Amino acid sequence: MKIEDFDFYLPEHLIAQTPLKDRAQSRLLVLDKMSGQTEHKTFKDIKSYFKPGDCLVLNNTKVLPARLFGIKEDTGAKVEVLLLHQEEEDTWEVLTKPAKKVKVGTELTFGNGELRAVCIGMKEHGGRIMQFSYEGIFYEVLDKLGEMPLPPYIKEQLPEKDRYQTVYAKEEGSAAAPTAGLHFTKELLQELEQAGVKIAFITLHVGLGTFRPVSADVVEEHEMHAEFYHMSEETAAILNEVKESDGRIISVGTTSTRTLETIARDCDGKFVSASGWTDIFIYPPYKFRAIDGLITNFHLPKSTLIMLISAFAGKDNVMEAYRQAVEKEYRFFSFGDAMIII
């Protein structure tokens with residue numbers, strides 16, 4: 001299957017640069033995965049597409065303010081550092097810009113010396129291993145000095161950090177937000193629970209690989225990035241009960257979907273408490289073992305994300321829904337509108 005099969009025309013002005021003031025006022029495209037029929041609603045209307053006994057699965061990862069701006073101690077040259085993941089307690093794999101200025105032994109300082117780092121290693125792909133030193137609690141220092149690592153297609157600064165977090169964000173570790181969840185408010189989640197919908201949480205820490213373009217010409221040749229996931233015993237029990245009671249599992253976002261499908265694949269369709277790294281790559285044709293519905297944002301042309309939803313709803317159905325979304329000027333990507341596929 002060719003990557004070009006997942007291409008579509010997207011006018012640049014449809015790429016949302018800022019979030020709406022009211023999270024739940026985003027537009028909602030409803031796609032019936034069997035018939036291909038669509039409806040056009042507001043996100044608050046999503047309640048009408050759930051039944052008592054259904055389960056909504058949310059990714060509770062929390063985005064780190066992982067972009068730091070520092071200077072080299074010896075020359076005063078400016079260096080940008082992006083935290084990727086924690087290797088040990090105060091040791092992180094990072095990306096630096098410009099990378100050539102940071103070699104083993106390079107010392108950096110951030111803020112007024114509140115945070116310091118020294119490069120202690122280099123990765124084959126160009127990353128660096130940095131050892132940080134500070135007083136107090138690292139995440140509090142990072143919250144003060146760091147900026148949110150917004151996707152490269154968003155050009156405007158975000159005045160409020162919390163607007164790039166879901167209202168249920170808890171487990172720190174993501175380089176990017178699970179953006180399908182940005183539409184939910186606490187009030188909307190409470191209303192769903194009151195209507196008999198179960199709420200369950202998983203964790204998948206989104207890596208920067210989610211923004212990496214597909215470089216292969218053939219889908220099967222693309223190498224997927226790996227991301228850390230965790231499912232608790234409580235969530236596994238809820239999901240197994242829902243399946244046994246013929247309820248539906250509605251996944252919020254491709255990150256939740258990849259986690260659920262990884263565990264269901266490895267456990268013969270069942271859910272268990274598990275942690276690990278997943279590089280599952282879902283594209284047509286694919287037999288889904290975990291989910292019955294999917295809430296997602298509108299994705300980049302030729303991306304692994306549009307391949308995943310095409311596997312779930314059928315490529316022709318998805319491409320027609322996207323054609324309508326462009327025609328009706330839905331907002332795309334992280335701060336854009338949403339789709340529910342049921």
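General observations
- Any hit, the stretch 158-168, residues being part of a loop (DSSP other than H, G, I, E, B), within 20 Å of Ala99 (Cα to Cα) and out of contact with any strand residue (DSSP E or B) (no Cβ under 6 Å at 6 or more places or on another chain): no
- The single condition among (1) part of a loop (DSSP other than H, G, I, E, B); (2) modelled with pLDDT of 95 or more; (3) open to solvent by 20 Å² or more (accessible area, probe 1.4 Å); (4) on the phi < 0 side of the Ramachandran plot that Leu300 does not satisfy is (2).
- Selection within the stretch 122-140 - without any contact (Cβ under 8 Å) to a residue 12 or more places away in the chain and either more than 24 Å from the chain's Cα centre (by Cα) or within 11 Å of Lys103 (Cα to Cα) (or both): Glu124, Gly136, Ile137
- The condition of being of a type in the set (A, V, I, L, M, F, W, C), farther than 20 Å from His225 by Cα and in contact with a Ser or Thr (Cβ under 6 Å, 6 or more places away or on another chain) holds for only one of Met319, Met339, that being Met339.
- Of all residues in the stretch 149-186, those satisfying the criterion of being closer than 29 Å to Asn112 by Cα, open to solvent by 20 Å² or more (accessible area, probe 1.4 Å) and modelled with pLDDT under 85 are Leu150, Pro152, Lys155, Glu156, Gln157, Leu158, Pro159, Glu160, Lys161, Asp162.
- Filter result (part of a helix (DSSP H, G or I), surrounded by 24 or more Cβ atoms within 10 Å (Cβ to Cβ) and either among the charged types (D, E, K, R) or in contact with a Gly (Cβ under 9 Å, 6 or more places away or on another chain) (or both)) within the stretch 228-254: Gly253
- For Lys270, the test of being surrounded by fewer than 20 Cβ atoms within 10 Å (Cβ to Cβ), in a loop (DSSP other than H, G, I, E, B) and either without any contact (Cβ under 8 Å) to a residue 24 or more places away in the chain or under 20 Å from the mean Cα position of the chain (by Cα) (or both) is failed.
- Test result for His40, farther than 20 Å from Lys161 by Cβ, in a strand (DSSP E or B) and either within 27 Å of the chain's Cα centre (by Cα) or modelled with pLDDT of 95 or more (or both): yes
- Of the criteria (1) in a helix (DSSP H, G or I); (2) surrounded by fewer than 20 Cβ atoms within 10 Å (Cβ to Cβ); (3) free of Cβ contacts under 8 Å to residues at least 60 places away in the same chain; (4) not charged (D, E, K, R), which one Ala264 fails: (2)
- Pick from the stretch 202-220, criterion under 20 Å from Leu84 (Cα atoms) and among the hydroxyl-bearing types (Ser, Thr, Tyr), ranking: modelled with the highest pLDDT: Thr203
The values are calculated or read from the model by the stated rules, or taken from the named source; none is laboratory data. Keep in mind the model is a prediction, meaning the values are calculated, not measured. Note that each Cβ is placed from the backbone with ideal geometry, even for glycine, and that neighbours are counted across all protein chains shown. Note: accessible area is taken over every heavy atom of the protein model, side chains too, but ligands, DNA and RNA are not part of it. Shrake-Rupley method; radii C 1.70, N 1.55, O 1.52, S 1.80 Å.
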